[in-house]
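Below you'll find the structure, written out as structure tokens, and then a few comments.
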Amino acid sequence: MRIIYGAEEARRTVLRRRPMGETELPPAVRERIREIFGAELSAREVVERIVAAVRAEGDAAVRRYSRAFDGVEYASLEVPRAEVEAAYRQVDPPLVEALRFAADRIRAFHEAQRRRGPADFFEDGLGMQVRPLERVGVYVPGTVAVYPSSVLMTVIPARVAGVDQVYMASPASADGQVSPLKLVAAGIARVDRVFRASGAQAIAAFAYGTETVPRVDKVCGPGNIFVTLAKRLVYGDVGIDSLYGPTETVVVADEAADPAACAADLLAQAEHDELATPLLLTPSEALARAVAGEVERQLEGLERADIARSALEARGGIVVTANLEEALALANEFGPEHLCLLVQDAASWAPRVRHAGGLFLGETSPEAVGDYTAGPSHVMPAGGSARFSSPLSVFDFLKFTSVVDIDAAILGRLGPPAAAIARAEGLTAHARAIERRLERD
């Protein structure tokens with residue numbers, strides 16, 4: 001891993017944010033785009049074409065682009081219930097039990113969140129109703145790397161919130177089958193219907209509906225740059241949870257940190273995606289060099305070593321800072337999806353963290369456990385959005401309705417100043433709507 005010295009050089013290089021639509025696509029992806037569209041297109045232009053086609057053509061466009069991008073001809077977009085049930089017989093029983101264990105942990109965390117969160121209230125004629133959404137579409141990426149955990153982490157908070165209908169879309173493998181692991185996770189999480197669709201076309205299908213795929217109220221879940229841009233494009237016609245982007249982890253470590261643990265945490269994120277961002281910030285040059293060596297050693301034997309190495313070379317790095325305070329300041333500026341504090345007395349440093357999707361304190365709280373069985377959703381803000389948004393939670397699936405039910409006495413107090421403001425704004429009909437009520441008394 002490259003080692004960078006000083007905050008300014010880090011800001012100029014590895015900590016520099018790139019606008020989402022300007023993400024540099026890998027050469028293989030650019031070549032695939034040329035083959036499919038016959039032109040050099042940006043990720044944003046690809047997504048715009050796909051969304052427009054799905055909106056106009058429905059199922060036909062979803063099938064066409066799934067065939068073009070995934071090389072799969074779907075017999076049907078919807079996965080029948082019998083196929084979901086059969087998936088349990090295709091997955092090793094211990095793994096099914098591991099998914100059930102993870103689901104129980106995730107459900108318990110979000111049920112606690114629901115109990116302590118916003119609720120109906122009403123006092124002095126004013127209040128709020130809290131209601132779950134009716135329909136949610138969840139996108140779960142991956143065919144080579146399969147993510148049953150993302151099914152649990154996205155669907156269970158929706159179910160705990162009380163969403164009526166939860167649908168899932170997933171790309172299928174070359175044989176046209178959605179991974180049995182995903183289908184088992186969908187069964188455990190209680191997904192209502194599963195559809196075979198990938199990328200931007202899946203997002204567009206949920207946003208606008210097709211002959212097969214129902215239109216939803218909100219689209220949720222992580223994905224690649226094309227999924228993220230599609231969510232941005234359809235927002236307003238449908239709700240979205242957030243714009244996630246490629247995964248990123250910042251490890252802040254002091255001289256006492258274990259180099260092997262630091263390297264393992266960086267590689268755990270680097271193996272996700274060639275566009276992943278694994279960064280180490282430390283005031284210790286000795287640790288920086290030790291971690292760089294550990295990364296090279298641990299890369300050997302990883303199943304996704306090529307992907308991890310690409311991510312490390314493209315976006316990874318180690319920054320040697322003046323002190324631990326500067327390391328934390330840089331982490332807050334960057335606002336990472338995951339922030340791991342591998343420092344002595346990590347809990348005492350936690351209050352200084354302002355911007356992170358998830359905060360993992362100490363070497364016994366690895367981010368990888370957060371991906372599976374800790375309980376909070378691993379669907380977290382990336383791309384700098386942790387500076388203004390939060391991890392997926394029960395609250396993403398609830399909406400609030402303000403309630404006004406005031407009596408004549410309260411209207412007598414609130415009405416005159418409201419009418420005065422309305423007249424000052426030139427909205428005399430507003431004022432008269434209030435004054436007519438006041439005149440009755």
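Taking amide H positions as placed 1.01 Å from N in the peptide plane, with prolines and chain starts having none, which residues 5 or more places from Ile4, or on another chain, fall under 5 Å of its amide H?
Ile318, Val319, Val320
Filter the trypsin sites (Lys or Arg not before Pro) in the range 347-439 to those in DSSP coil with at most 13 other Cβ atoms within 10 Å of their Cβ, and list the result. Display every interim value, and only then the final one.
On the way: sites: Arg352, Arg354, Arg387, Lys399, Arg413, Arg423, Arg432, Arg436, Arg437; in loops: Arg354.
Counting only loop positions with at most 13 other Cβ atoms within 10 Å, the trypsin sites (Lys or Arg not before Pro) in the range 347-439 are Arg354.
Taking θ as phi - 60°, what are the ³J(HN,Hα) couplings along the range 249-255 by the Karplus curve (6.51, -1.76, 1.60), each to the nearest whole Hz, with x for Gly and Pro?
3J(HN,Hα) across the range 249-255, in whole Hz: 9, 10, 9, 9, 9, 9, 5.
Obtain the radius of gyration and the Kirkwood radius of the chain from its C-alpha atoms and give Rg over Rh. Intermediate values should be presented prior to the final figure.
Details: Rg = 24.7 Å, Rh = 23.8 Å.
Answer for the chain: 1.04.
List, in order, the whole-Hz ³J(HN,Hα) value for each residue of the range 235-240 obtained from phi through the Karplus relation with A = 6.51, B = -1.76, C = 1.60 and θ = phi - 60°; use x for Gly and Pro.
4, x, 7, 8, x, 10
For an R0 of 41 angstrom, estimate the FRET efficiency from the Cβ-Cβ distance between Arg115 and Arg67 and round to the nearest 0.05. List each step's numbers first, then the result.
Numbers: r = 46 Å, r/R0 = 1.12.
E between Arg115 and Arg67, to the nearest 0.05, is 0.35.
Hey, can you grab everything whose amide H is under 5 Å from the amide H of Val379? Only 5+ residues off in sequence or another chain; H modelled, so Pro and N-termini drop out.
Under 5 Å from the amide H of Val379: Leu392.
For Gly71, what charge total do you get from the other residues with a beta carbon under 12 Å from its beta carbon, if Lys and Arg give +1 and Asp and Glu give -1?
On the way: positive: Arg32, Arg67; negative: Glu35, Asp70, Glu73, Asp175.
Result for the neighbourhood of Gly71: -2.
Among the aspartates and glutamates, which have Cα under 17 Å from the Cα of Lys218 when same-chain residues fewer than 8 positions away are ignored?
Counting by Cα, and skipping residues close in sequence, Lys218 has these aspartates and glutamates nearby: Glu134, Asp164, Asp192, Asp237, Asp241, Asp396.
Filter the chain for me: DSSP H helices, axial length by Cα at least 30 angstrom, mean Kyte-Doolittle hydropathy not below 1.0. List them by residue number.
Numbers: long enough: 93-116 (35 Å, -0.69).
Flagged H segments: there are none.
Please give the length that would be gained between Arg232 and Thr13 if that part of the chain were fully extended, namely 0.36 nm times their separation in residues minus their C-alpha to C-alpha distance (nm, one decimal). Each step should come with its number before you reach the end.
Working: separation 219, 0.36 × 219 = 78.84 nm, distance 2.65 nm.
Additional length available on full extension: 76.2 nm.
Which value at 222 nm does the chain reach when only helices count, each DSSP H run of 4 or more adding -39,500 (n - 2.57), with the total divided by all residues and rounded to the nearest 500 deg cm²/dmol?
After summing the helix terms and dividing by the residues of the chain, the value is -14500 deg cm²/dmol.
Taken together, the values in this text are just the output of simple stated rules run on the coordinates, not laboratory data. All values derive from a computational prediction rather than experimental measurement. Note that each Cβ is placed from the backbone with ideal geometry, even for glycine, and that neighbours are counted across all protein chains shown.
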